[in-house]
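The values are calculated or read from the model by the stated rules, or taken from the named source; none is laboratory data. Not measured: the values here are computed from a predicted model. Ideal geometry is used to build each Cβ from the backbone, glycine not excepted, and the neighbour counts take in all protein chains shown.
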Amino acid sequence: MNAIRIRTVLGMLVLGMLAACATATPDYAREKRLADEVTPALVVGDAVQLMHLSGHRFLGIYTPAGTPRAGVLLVHGMGVHPDFGLTGALRAALADRGYSTLSIQMPVLASEAQADEYLSLFPEAGERIAAGLAHLRARGLQKLAIVSHSMGARMVNDFLTRHPEARLMAWVPLAVSNGQLGPLSGVSFPVFDIYAEKDFEVVMKGAPARAAVLRTIKGSKQAMVFGTDHYFARKEKEVASLIDQLLTPLAK
């Protein structure tokens with residue numbers, strides 16, 4: 001196969017991959033199955049229905065604090081639900097520490113979808129984030145932070161790039177899955193980048209570059225949680241305590 005033909009074939013493959021990403025749409029049927037699985041099993045917190053601009057209703061789990069100091073919007077990772085793993089643990093643990101939490105269902109694709117295919121869902125993800133923040137404010141919570149994990153952190157990064165004027169007291173990205181923090185110029189709140197000692201390689205390698213971004217945002221910090229992986233397995237309480245330490249001065 002000559003060089004021209006090789007370049008042509010590679011070009012067609014790249015275009016095909018881009019087209020697949022561009023045409024990916026949320027799998028609402030899978031989302032409903034996740035909601036049907038999660039809602040009956042809730043022990044802590046209440047299921048709520050939210051709606052974004054396009055009119056689609058989606059699941060949120062609201063967990064009130066006894067005497068709330070602030071509200072926290074929780075954004076989970078790729079292809080899961082708002083009570084999954086670390087996010088599910090944090091929504092209760094942070095409520096115990098005085099933060100009323102709202103964990104929202106983010107748009108999902110089929111289970112075999114690749115991470116890059118989720119890029120086409122970012123606009124809808126942004127609508128859901130905006131709806132979640134509005135829901136917390138409607139409950140009288142004016143001091144708000146976002147805590148997001150993995151792909152959820154990428155979704156929030158995209159939202160804040162588009163809406164740097166968002167009224168937040170902080171954003172806490174946990175193990176942002178591509179290892180990067182995109183443009184955050186214009187934000188008026190600190191960003192607390194947290195990752196794990198045994199995180200994905202891309203997250204570990206990206207730590208210095210993320211730290212460089214944080215140095216441009218007043219009050220921002222970076223921290224590593226020792227003895228755990230990308231999912232912060234068995235260290236959920238430590239993560240909740242660390243988030244509390246970072247948010248407490250802002251929630252006063």
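Side notes on the structure shown:
The rows are residues; the columns are (1) over 20 Å from V239 (Cβ atoms); (2) buried (at least 23 other Cβ atoms within 10 Å of the Cβ).
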| site | (1), (2) |
| --- | --- |
| L109 | yes, no |
| E112 | yes, no |
| D116 | yes, no |
| P123 | yes, no |
| I129 | yes, yes |
| G140 | yes, no |
| A145 | no, yes |
| G152 | no, yes |
| N157 | no, no |
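- Checking each residue in the range 34-47 for being surrounded by 14 or more Cβ atoms within 10 Å (Cβ to Cβ) and outside any loop (DSSP other than H, G, I, E, B) picks out L34, A35, V38, T39, A47.
- The C-beta contact set for the range 108-132 (first residue in a helix (DSSP H, G or I), second residue among the acidic types (D, E), distance under 7 angstrom, 6+ apart or interchain) comprises F122/D158; G126/D158.
- Of the residues making up the range 52-69, those that are over 19 Å from Q142 (Cα atoms), of a type outside the set (A, V, I, L, M, F, W, C) and not in a loop (DSSP other than H, G, I, E, B) number 1.
- If you go through the range 229-240 and keep only what is touching a helix residue (DSSP H, G or I) at 6+ places or on another chain (Cβ under 8 Å) and part of a helix (DSSP H, G or I), you end up with E236, K237, V239, A240.
- Flag for V176 being at pLDDT 95 or above, aliphatic (A, V, I, L, M) and either under 17 Å from I146 (Cα atoms) or part of a loop (DSSP other than H, G, I, E, B) (or both): yes
- On the stretch given as the range 81-107, residues that are surrounded by fewer than 21 Cβ atoms within 10 Å (Cβ to Cβ) and within 16 Å of the chain's Cα centre (by Cα) total 3.
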